1. Compare the peptides 79-88, 198-207 by average per-residue count of other Cβ atoms within 10 angstrom and give them in order, highest first.
2. Based on the Cα atoms of the stretch 1-159, what semi-axes does the equivalent ellipsoid have, where each is the square root of 5 times one gyration tensor eigenvalue, given in whole Å with the largest first?
3. Among 70, 44, 136, whose Cα projects farthest towards the positive end of the dipole of the stretch 1-144, with charges put on the beta-carbon of Lys, Arg (+1) and Asp, Glu (-1)?
4. Taking 32 Å as the cut-off for C-alpha to C-alpha distance, list the pairs among 54/83; 196/254; 99/196; 40/181 that go past it.
5. Which log10 I(q)/I(0) values, to two decimals, does the stretch 54-124 give at q = 0.13 Å⁻¹ under the Debye formula with one point per Cα?
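All of the numbers you see were taken from the coordinates with simple rules; none came from a lab. Predicted, not measured: the structure shown is a model, and the values here were computed from it. In this analysis, Cβ positions are derived from the backbone assuming ideal geometry, glycine residues included, and neighbour counts consider all displayed protein chains.
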Amino acid sequence: MTDQREWNIQLIQQIFSSDTAQVIINLDIHPREEESIHWKVNNTRKFSVKALYKSKIENLYRNDQTTRDWRAIWNLEVAPAVKNFLWKCAHEILPTNAKTASILHYIDSICKLCNYGEESMTHMFLNCPAATEVWQQMLDGNHGLFDHHTVFMDWFNDWFHNANISHNVCIYATTCWFIWKARCDLVFQNISPNAKNTTLSIQQHLCDHNKIHKLHFYALNTQGHIIENESHIATPETIFGIQQHKQSFGFLIKICTIQDPSTYQFFSALTITDFAGNYVDSRGHT
Ligand SMILES: [Zn+2]
């Protein structure tokens, strides 16, 4: 800019391309205001990495016709870790061996749980024997949720669009997350998967989550199996039925012993809770 507060057109044309130079020259110059740099992508007019990132992401997905309704995932009544897991599934970026091997060719794509078959999401969640055992226990034997021809991403997308199964999305999502966790335990900690323990963990997690968040629906029956038919979802009244059948999941027994410092007398207490932390019974003894 010149001392007369006019654009130095010659200098601008030297530095910038003709298009950019023309844009600059067309800008009005305020005769009395000081010059300052304004960042146009946010309201504060100040640069921030957050605003830049948001702008880039919005541009990236502006014309993306396949972009799903992400709120369907973020609004699910599941733990935040499960939502993050679902987000990766939806983007098909879960680092299964097949996915990693497609980028890093020295990685073995075979499933470490069964050592048979490529570890894709379809194999890991639907076809791997380790997964089918968990589903069988969660669904109590035969089920019509999926078969050997089902592609995981098709089924996953159905969760959010098919009214016949959408009522159980939280349970399917949590079950897949635990299958993935069991797989990671084997790969990273060499802990062998145990379908029975995994199933029990899923049932306990779901019960705890429902209890903490006071959810009104409960799509497990009294034995902890998934209820596939929406009309049979338990009401709050039938949840009490679970307490009458709590032996299906086992008990948690805690024993506490303390000593009175003045009399040196010992006191022992035993409390029994069910899988969801509900009080079952207690005993005291001196
Ligand atoms: Zn496998």
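1. 198-207, 79-88
2. 56, 19, 13
3. It is 44, whose Cα lies furthest towards the positive end.
4. From 54/83; 196/254; 99/196; 40/181, over 32 Å: 40/181.
5. Once normalised to I(0) and log-transformed, intensities are -0.54.
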